[in-house]
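Beneath this line is the structure, given in C-alpha coordinates, with notes to follow.
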Amino acid sequence: MSRPEEHRRAAVLGSPIAHSLSPVLHRAAYAELGLGEWTYDRFEVDEAALPGFLGGLDGSWAGLSLTMPLKRAVIPLLDEVSDTAASVEAVNTVVFTEDGRRLGDNTDIPGIAAALRERGVTEVGSAAVLGAGATASSALAALAGICTGEVTVYVRSEARAAEMREWGERLGVAVRTADWSRAAEALTAPLVIATTPAGAADALAGAVPERPGALFDVLYEPWPTPLAAAWSARGGAVLGGLDLLVHQAVLQVERMTGCPRAPLAAMRAAGEAALAARG
(Lines give C-alpha, C1' and ligand atoms only; values in the text may rest on other atoms or scores of the structure.)
Protein backbone atom coordinates (compact mmCIF):
# COMPACT_ATOMS: atom_id res chain seq x y z
CA MET A 1 0.00 0.00 0.00
CA SER A 2 1.21 3.50 -0.79
CA ARG A 3 2.19 5.62 2.19
CA PRO A 4 -0.41 8.28 3.09
CA GLU A 5 2.09 11.12 2.49
CA GLU A 6 2.63 10.15 -1.13
CA HIS A 7 0.51 12.15 -3.57
CA ARG A 8 -1.39 9.62 -5.67
CA ARG A 9 -4.03 10.31 -8.27
CA ALA A 10 -7.06 8.45 -9.58
CA ALA A 11 -10.09 9.46 -11.63
CA VAL A 12 -13.16 8.32 -13.51
CA LEU A 13 -13.26 8.75 -17.29
CA GLY A 14 -16.20 8.63 -19.66
CA SER A 15 -18.60 10.63 -21.78
CA PRO A 16 -20.87 11.97 -20.43
CA ILE A 17 -19.27 12.04 -16.97
CA ALA A 18 -20.65 15.03 -15.04
CA HIS A 19 -23.29 12.88 -13.32
CA SER A 20 -20.82 10.31 -11.95
CA LEU A 21 -20.92 9.56 -8.23
CA SER A 22 -17.53 7.86 -8.33
CA PRO A 23 -15.60 10.90 -7.01
CA VAL A 24 -17.93 11.08 -4.01
CA LEU A 25 -17.44 7.40 -3.18
CA HIS A 26 -13.68 7.23 -3.68
CA ARG A 27 -13.00 10.48 -1.81
CA ALA A 28 -15.08 9.20 1.11
CA ALA A 29 -12.95 6.07 1.15
CA TYR A 30 -9.70 8.07 1.13
CA ALA A 31 -10.91 10.20 4.04
CA GLU A 32 -11.90 7.14 6.07
CA LEU A 33 -8.60 5.36 5.29
CA GLY A 34 -6.46 8.38 6.16
CA LEU A 35 -5.12 8.74 2.62
CA GLY A 36 -4.97 12.52 2.83
CA GLU A 37 -2.73 13.00 -0.19
CA TRP A 38 -4.85 10.89 -2.54
CA THR A 39 -7.07 12.72 -5.02
CA TYR A 40 -9.86 11.47 -7.27
CA ASP A 41 -11.30 13.50 -10.14
CA ARG A 42 -13.52 13.09 -13.21
CA PHE A 43 -12.59 13.74 -16.83
CA GLU A 44 -14.75 13.91 -19.94
CA VAL A 45 -12.95 11.50 -22.27
CA ASP A 46 -14.35 9.73 -25.32
CA GLU A 47 -12.90 6.86 -27.34
CA ALA A 48 -10.88 9.11 -29.64
CA ALA A 49 -9.25 10.96 -26.74
CA LEU A 50 -8.49 7.92 -24.59
CA PRO A 51 -5.06 6.95 -26.04
CA GLY A 52 -3.77 10.49 -25.64
CA PHE A 53 -5.10 10.76 -22.10
CA LEU A 54 -3.45 7.53 -21.02
CA GLY A 55 -0.20 8.52 -22.71
CA GLY A 56 -0.05 11.77 -20.74
CA LEU A 57 -0.25 10.24 -17.27
CA ASP A 58 2.78 10.35 -14.98
CA GLY A 59 3.94 8.10 -12.15
CA SER A 60 1.62 9.70 -9.60
CA TRP A 61 -1.37 7.90 -11.08
CA ALA A 62 -2.63 4.82 -9.23
CA GLY A 63 -5.71 3.94 -11.25
CA LEU A 64 -8.75 4.82 -13.32
CA SER A 65 -12.43 4.00 -13.24
CA LEU A 66 -14.00 3.73 -16.68
CA THR A 67 -17.58 4.15 -17.75
CA MET A 68 -19.23 4.24 -21.16
CA PRO A 69 -18.05 4.38 -23.89
CA LEU A 70 -14.56 3.33 -22.77
CA LYS A 71 -14.97 -0.12 -21.23
CA ARG A 72 -14.17 -1.95 -24.45
CA ALA A 73 -12.11 0.75 -26.18
CA VAL A 74 -9.44 0.62 -23.47
CA ILE A 75 -8.62 -3.08 -23.89
CA PRO A 76 -6.08 -2.72 -26.75
CA LEU A 77 -4.28 -0.04 -24.70
CA LEU A 78 -3.61 -2.32 -21.72
CA ASP A 79 -0.70 -4.62 -20.87
CA GLU A 80 -2.87 -7.21 -19.13
CA VAL A 81 -6.58 -7.91 -18.70
CA SER A 82 -8.04 -10.05 -15.91
CA ASP A 83 -10.02 -13.18 -16.72
CA THR A 84 -13.11 -11.51 -15.25
CA ALA A 85 -12.86 -8.53 -17.59
CA ALA A 86 -11.98 -10.71 -20.56
CA SER A 87 -15.05 -12.87 -19.97
CA VAL A 88 -17.34 -9.96 -20.94
CA GLU A 89 -14.84 -7.92 -22.98
CA ALA A 90 -15.32 -4.96 -20.64
CA VAL A 91 -12.83 -3.17 -18.37
CA ASN A 92 -14.10 -0.68 -15.80
CA THR A 93 -10.92 -0.52 -13.71
CA VAL A 94 -7.32 0.21 -14.67
CA VAL A 95 -4.53 -0.13 -12.11
CA PHE A 96 -1.04 1.23 -12.80
CA THR A 97 1.85 -0.78 -11.38
CA GLU A 98 5.07 0.71 -10.06
CA ASP A 99 6.86 -0.27 -13.27
CA GLY A 100 4.25 1.50 -15.40
CA ARG A 101 2.17 -1.45 -16.57
CA ARG A 102 -1.54 -0.98 -17.18
CA LEU A 103 -3.71 -3.73 -15.70
CA GLY A 104 -7.40 -3.95 -16.65
CA ASP A 105 -10.09 -5.49 -14.47
CA ASN A 106 -13.88 -5.57 -14.12
CA THR A 107 -15.37 -4.91 -10.69
CA ASP A 108 -18.98 -4.72 -11.94
CA ILE A 109 -19.31 -8.51 -12.02
CA PRO A 110 -18.08 -9.22 -8.46
CA GLY A 111 -19.85 -6.02 -7.39
CA ILE A 112 -23.22 -7.41 -8.52
CA ALA A 113 -22.51 -10.68 -6.72
CA ALA A 114 -21.40 -8.87 -3.54
CA ALA A 115 -24.49 -6.65 -3.49
CA LEU A 116 -26.76 -9.67 -3.86
CA ARG A 117 -24.84 -11.58 -1.20
CA GLU A 118 -25.24 -8.65 1.21
CA ARG A 119 -29.03 -9.04 0.84
CA GLY A 120 -28.88 -12.78 1.35
CA VAL A 121 -29.24 -13.75 -2.30
CA THR A 122 -26.56 -16.40 -2.73
CA GLU A 123 -28.33 -18.97 -4.90
CA VAL A 124 -31.44 -18.97 -7.11
CA GLY A 125 -33.01 -21.67 -9.24
CA SER A 126 -33.76 -19.27 -12.10
CA ALA A 127 -33.51 -15.58 -12.93
CA ALA A 128 -34.66 -12.97 -15.42
CA VAL A 129 -32.70 -10.10 -16.97
CA LEU A 130 -34.41 -7.07 -18.49
CA GLY A 131 -32.34 -5.56 -21.29
CA ALA A 132 -29.34 -6.65 -23.32
CA GLY A 133 -26.64 -4.00 -23.04
CA ALA A 134 -23.20 -4.08 -21.44
CA THR A 135 -24.61 -4.30 -17.91
CA ALA A 136 -26.73 -7.27 -18.94
CA SER A 137 -23.65 -9.26 -19.93
CA SER A 138 -22.06 -8.43 -16.57
CA ALA A 139 -25.28 -9.57 -14.89
CA LEU A 140 -25.06 -12.88 -16.74
CA ALA A 141 -21.47 -13.30 -15.60
CA ALA A 142 -22.51 -12.71 -11.99
CA LEU A 143 -25.46 -15.09 -12.36
CA ALA A 144 -23.07 -17.80 -13.56
CA GLY A 145 -21.99 -18.15 -9.94
CA ILE A 146 -25.39 -18.14 -8.23
CA CYS A 147 -28.08 -19.33 -10.66
CA THR A 148 -28.46 -23.09 -10.86
CA GLY A 149 -31.04 -23.05 -13.66
CA GLU A 150 -32.12 -20.99 -16.64
CA VAL A 151 -31.82 -17.23 -17.10
CA THR A 152 -34.43 -15.61 -19.33
CA VAL A 153 -33.36 -12.37 -21.00
CA TYR A 154 -36.04 -10.02 -22.32
CA VAL A 155 -34.94 -8.03 -25.37
CA ARG A 156 -36.33 -5.79 -28.09
CA SER A 157 -34.68 -7.33 -31.17
CA GLU A 158 -33.55 -10.69 -32.49
CA ALA A 159 -30.04 -9.28 -32.95
CA ARG A 160 -29.87 -8.52 -29.23
CA ALA A 161 -31.34 -11.91 -28.43
CA ALA A 162 -28.62 -13.64 -30.45
CA GLU A 163 -25.95 -11.60 -28.63
CA MET A 164 -27.27 -12.61 -25.23
CA ARG A 165 -27.47 -16.28 -26.17
CA GLU A 166 -23.86 -16.06 -27.33
CA TRP A 167 -22.84 -14.45 -24.03
CA GLY A 168 -24.62 -17.26 -22.21
CA GLU A 169 -22.61 -19.86 -24.10
CA ARG A 170 -19.36 -18.05 -23.36
CA LEU A 171 -20.16 -17.59 -19.67
CA GLY A 172 -21.59 -21.03 -19.06
CA VAL A 173 -25.11 -19.78 -18.34
CA ALA A 174 -28.26 -21.43 -19.70
CA VAL A 175 -29.84 -18.44 -21.47
CA ARG A 176 -33.31 -18.31 -22.99
CA THR A 177 -34.45 -15.13 -24.72
CA ALA A 178 -37.93 -13.65 -24.97
CA ASP A 179 -39.40 -10.61 -26.69
CA TRP A 180 -39.77 -7.42 -24.67
CA SER A 181 -43.54 -7.55 -25.22
CA ARG A 182 -43.56 -10.41 -22.70
CA ALA A 183 -41.39 -8.62 -20.12
CA ALA A 184 -44.11 -8.70 -17.46
CA GLU A 185 -43.54 -12.46 -17.27
CA ALA A 186 -40.04 -11.75 -15.95
CA LEU A 187 -41.41 -10.43 -12.69
CA THR A 188 -42.38 -13.89 -11.43
CA ALA A 189 -38.73 -15.03 -11.37
CA PRO A 190 -37.08 -15.40 -7.94
CA LEU A 191 -34.48 -12.84 -9.04
CA VAL A 192 -34.99 -10.06 -11.60
CA ILE A 193 -32.11 -7.88 -12.74
CA ALA A 194 -33.26 -4.78 -14.60
CA THR A 195 -30.48 -3.30 -16.76
CA THR A 196 -32.59 -1.00 -18.92
CA PRO A 197 -32.24 2.81 -19.24
CA ALA A 198 -34.36 5.17 -17.15
CA GLY A 199 -38.04 4.90 -18.01
CA ALA A 200 -37.78 1.73 -20.09
CA ALA A 201 -39.26 -0.56 -17.44
CA ASP A 202 -41.67 1.90 -15.80
CA ALA A 203 -44.70 0.35 -17.47
CA LEU A 204 -43.98 -2.95 -15.69
CA ALA A 205 -44.69 -1.47 -12.26
CA GLY A 206 -48.34 -2.49 -12.49
CA ALA A 207 -47.43 -6.12 -13.16
CA VAL A 208 -45.47 -6.79 -9.94
CA PRO A 209 -46.81 -10.02 -8.42
CA GLU A 210 -48.34 -10.14 -4.95
CA ARG A 211 -45.35 -12.01 -3.51
CA PRO A 212 -42.30 -10.93 -5.53
CA GLY A 213 -38.80 -12.29 -5.11
CA ALA A 214 -35.75 -10.03 -5.35
CA LEU A 215 -35.32 -7.12 -7.76
CA PHE A 216 -31.95 -5.62 -8.66
CA ASP A 217 -32.63 -2.41 -10.62
CA VAL A 218 -29.25 -1.00 -11.70
CA LEU A 219 -30.51 2.60 -11.95
CA TYR A 220 -29.73 4.99 -9.10
CA GLU A 221 -31.10 8.28 -10.36
CA PRO A 222 -33.99 8.95 -10.18
CA TRP A 223 -34.62 6.58 -7.28
CA PRO A 224 -36.73 4.71 -6.57
CA THR A 225 -37.84 3.82 -10.06
CA PRO A 226 -41.58 3.11 -10.44
CA LEU A 227 -40.74 -0.60 -10.73
CA ALA A 228 -38.60 -0.55 -7.58
CA ALA A 229 -41.26 1.38 -5.65
CA ALA A 230 -44.01 -1.05 -6.65
CA TRP A 231 -41.76 -4.00 -5.82
CA SER A 232 -40.96 -2.63 -2.38
CA ALA A 233 -44.65 -1.91 -1.71
CA ARG A 234 -45.34 -5.60 -2.30
CA GLY A 235 -42.70 -6.56 0.25
CA GLY A 236 -40.06 -7.81 -2.18
CA ALA A 237 -36.34 -7.32 -1.64
CA VAL A 238 -35.03 -4.39 -3.71
CA LEU A 239 -31.45 -3.52 -4.63
CA GLY A 240 -30.61 -0.40 -6.58
CA GLY A 241 -27.89 1.07 -8.71
CA LEU A 242 -26.23 2.62 -5.68
CA ASP A 243 -25.71 -0.87 -4.25
CA LEU A 244 -23.87 -1.87 -7.42
CA LEU A 245 -21.96 1.39 -7.62
CA VAL A 246 -20.75 1.17 -4.02
CA HIS A 247 -19.76 -2.50 -4.15
CA GLN A 248 -17.83 -2.16 -7.40
CA ALA A 249 -16.18 1.02 -6.06
CA VAL A 250 -15.12 -0.80 -2.88
CA LEU A 251 -13.21 -3.27 -5.04
CA GLN A 252 -11.69 -0.47 -7.11
CA VAL A 253 -10.43 1.32 -4.00
CA GLU A 254 -8.87 -1.90 -2.70
CA ARG A 255 -7.14 -2.60 -6.00
CA MET A 256 -5.88 0.95 -6.51
CA THR A 257 -4.71 1.70 -2.96
CA GLY A 258 -3.65 -1.76 -1.83
CA CYS A 259 -5.79 -1.41 1.31
CA PRO A 260 -7.23 -4.82 2.20
CA ARG A 261 -10.68 -3.53 3.14
CA ALA A 262 -12.35 -0.40 1.80
CA PRO A 263 -14.93 1.35 4.04
CA LEU A 264 -18.21 0.16 2.55
CA ALA A 265 -20.47 1.91 5.07
CA ALA A 266 -18.77 5.30 4.71
CA MET A 267 -18.85 5.08 0.93
CA ARG A 268 -22.53 4.17 0.89
CA ALA A 269 -23.39 7.00 3.29
CA ALA A 270 -21.54 9.47 1.09
CA GLY A 271 -23.38 8.23 -2.00
CA GLU A 272 -26.76 8.44 -0.29
CA ALA A 273 -26.03 11.99 0.89
CA ALA A 274 -24.96 13.07 -2.60
CA LEU A 275 -28.12 11.66 -4.19
CA ALA A 276 -30.27 13.28 -1.51
CA ALA A 277 -28.61 16.64 -2.22
CA ARG A 278 -29.35 16.27 -5.93
CA GLY A 279 -32.97 15.48 -5.19
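Of everything in the range 31-49 that's among the acidic types (Asp, Glu) and in a loop (DSSP other than H, G, I, E, B), which residue is surrounded by the most Cβ atoms within 10 Å (Cβ to Cβ)? Only one residue fits best here, namely Asp46.
If you filter the range 217-232 down to residues that are among the aliphatic types (A, V, I, L, M) and over 18 Å from the mean Cα position of the chain (by Cα), you find that the one that is least open to solvent (accessible area, probe 1.4 Å) is Leu227.
Residues are listed down the side, and each one gets a yes or a no for (1) at pLDDT below 95; (2) closer than 25 Å to His7 by Cβ:
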residue	(1), (2)
Asp217	no, no
Ala229	no, no
Arg234	no, no
Val238	no, no
Leu251	no, yes
Met256	no, yes
Leu264	no, no
Glu272	no, no
Arg278	yes, no
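Of all residue pairs spaced 6 or more apart or on separate chains, none has beta-carbon atoms under 9 Å together with a first member in the range 263-279 that is closer than 15 Å to Ala249 by Cβ and a second member that is in a helix (DSSP H, G or I) and polar (S, T, N, Q). So for the range 171-186 (the condition being farther than 16 Å from Val121 by Cα and in contact with a Cys (Cβ under 8 Å, 6 or more places away or on another chain)), does at least one residue qualify? Yes, that holds for at least one residue.
Each residue in the range 159-185 was checked for being closer than 17 Å to Ile146 by Cβ and surrounded by 18 or more Cβ atoms within 10 Å (Cβ to Cβ), and 5 of them qualify. Applying the condition of being out of contact with any helix residue (DSSP H, G or I) (no Cβ under 6 Å at 6 or more places or on another chain) and of a type in the set (S, T, N, Q) to the range 71-123 and asking which residue is nearest to Glu166 (Cα to Cα) yields Ser82.
Inside the range 213-241, residues that are of a type in the set (S, T, N, Q) and closer than 11 Å to Ala201 by Cβ make up a count of 1. The residue that is modelled with the lowest pLDDT, counting only those in the range 50-79 that are open to solvent by 20 Å² or more (accessible area, probe 1.4 Å) and under 18 Å from Ile109 (Cα atoms), is Met68. Could you please let me know if Gly133 is touching a residue at least 40 places away in the same chain (Cβ under 8 Å) and either within 20 Å of Asp179 (Cα to Cα) or not hydroxyl-bearing (Ser, Thr, Tyr) (or both)? Judged against the criteria, Gly133 is a match.
The values are calculated or read from the model by the stated rules, or taken from the named source; none is laboratory data. Nothing here was measured: the structure is a model prediction, and the numbers come from that model. We place every Cβ from the backbone using ideal geometry, glycine too, and count neighbours over all the protein chains shown. Only protein heavy atoms, including side chains, enter the accessible area calculation; ligands, DNA and RNA are left aside. Shrake-Rupley method; radii C 1.70, N 1.55, O 1.52, S 1.80 Å.
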